[in-house]
Amino acid sequence: MAKLTHLDAEGRARMVDVTEKAVTQRVAIARGTIFMRPETLSLIMEKKIEKGDVFSVARVAGIMAAKRTPELVPMCHPLNITSVEIFLTPEQNPARVEIEAVVKVGGQTGVEMEAMTAVAVSGLTIYDMCKAVDREMSVSEIRLVKKSGGKSGTFIRKE
């Protein structure tokens, strides 16, 4: 079991010192789901949600969230993110939108938190834009599915 790196010898929270870590290309992929009523998904797909194009706004929100993660998660390092892609895939049975974020950086620490934050905020944006017609939507299953780069190498979730 790996040790917790965000605690000092006395158990106090700290930001990890990455000064001596090598700069490597790092990629993180996270996924999540927003479940909704079939009628809500139809309104999204037909672009009939009054607030606008749900998928376009959710993509922009996810990109913005990835870039602002250090402002939300206290121990995250500010990073010079080089790429954020948000993929939104509508699915039926049950009605839902699958959300995927791919975040890249050349840096001394990874972008897993940025990818998961992007997924969460994309899902919350879909909820916000559609809540007038469906307050029972739920954002769930946010998880890291793959990461590469850095000392710990590649991680691939067994789904």
Among the residues of segment 17-54, what is the count of those that are surrounded by 15 or more Cβ atoms within 10 Å (Cβ to Cβ), at pLDDT below 95 and farther than 15 Å from Gly106 by Cα?
0
Which number in (1) under 24 Å from Thr19 (Cβ atoms); (2) of a type outside the set (Val, Ile, Thr); (3) in contact with an Asp or Glu (Cβ under 8 Å, 6 or more places away or on another chain) marks the one condition that Leu88 misses?
(1)
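Okay, residues lined up against (1) within 21 Å of Glu141 (Cα to Cα); (2) under 17 Å from the mean Cα position of the chain (by Cα):
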site: Ile29; (1), (2): yes, yes
site: Ser42; (1), (2): no, no
site: Ile49; (1), (2): no, no
site: Phe55; (1), (2): yes, yes
site: Pro74; (1), (2): no, yes
site: Ser83; (1), (2): no, yes
Given the conditions (1) surrounded by 14 or more Cβ atoms within 10 Å (Cβ to Cβ); (2) closer than 24 Å to Arg14 by Cα; (3) free of Cβ contacts under 8 Å to residues at least 60 places away in the same chain, and given that Gly107 satisfies all but one, which numbered condition is not satisfied?
(3)
Only unsatisfied item for Ile63, checking (1) assigned to a loop (DSSP other than H, G, I, E, B); (2) under 21 Å from the mean Cα position of the chain (by Cα), is (1)
Hey, could you check segment 111-135 for residues that are not in a helix (DSSP H, G or I) and not aliphatic (A, V, I, L, M) and say which is nearest to Ile86 (Cα to Cα)?
Lys131
In segment 110-125, is there at least one residue being farther than 15 Å from Arg26 by Cβ, among the charged types (D, E, K, R) and surrounded by 15 or more Cβ atoms within 10 Å (Cβ to Cβ)?
no
Taking the condition of being among the polar types (S, T, N, Q), closer than 26 Å to Cys130 by Cα and part of a strand (DSSP E or B), how many residues in segment 66-110 meet it?
1
Which of the residues spanning segment 88-135 are more than 21 Å from Glu159 (Cβ to Cβ), touching a Ser or Thr at 6+ places or on another chain (Cβ under 9 Å) and among the charged types (D, E, K, R)?
Lys104, Asp134
Can you name the residue in segment 1-56 that is hydroxyl-bearing (Ser, Thr, Tyr) and in a loop (DSSP other than H, G, I, E, B) and, of all such residues, is nearest to Gly153 (Cα to Cα)?
Thr5
Consider Met75 carefully, then state whether it is touching a His at 6+ places or on another chain (Cβ under 7 Å) and not aromatic (Phe, Trp, Tyr).
yes
Reported set for segment 83-109 where residues are closer than 25 Å to Thr5 by Cα and among the hydroxyl-bearing types (Ser, Thr, Tyr) is Thr109
Cross-chain or 6+ apart pairs with Cβ under 8 Å, segment 61-80 first and on the phi > 0 side of the Ramachandran plot, then crowded, with 19+ Cβ neighbours inside 10 Å:
none
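The values are calculated or read from the model by the stated rules, or taken from the named source; none is laboratory data. Remember, it's a predicted structure, so these values are computed and weren't measured experimentally. Virtual Cβ from ideal backbone geometry, glycine too; neighbours counted across all protein chains shown.
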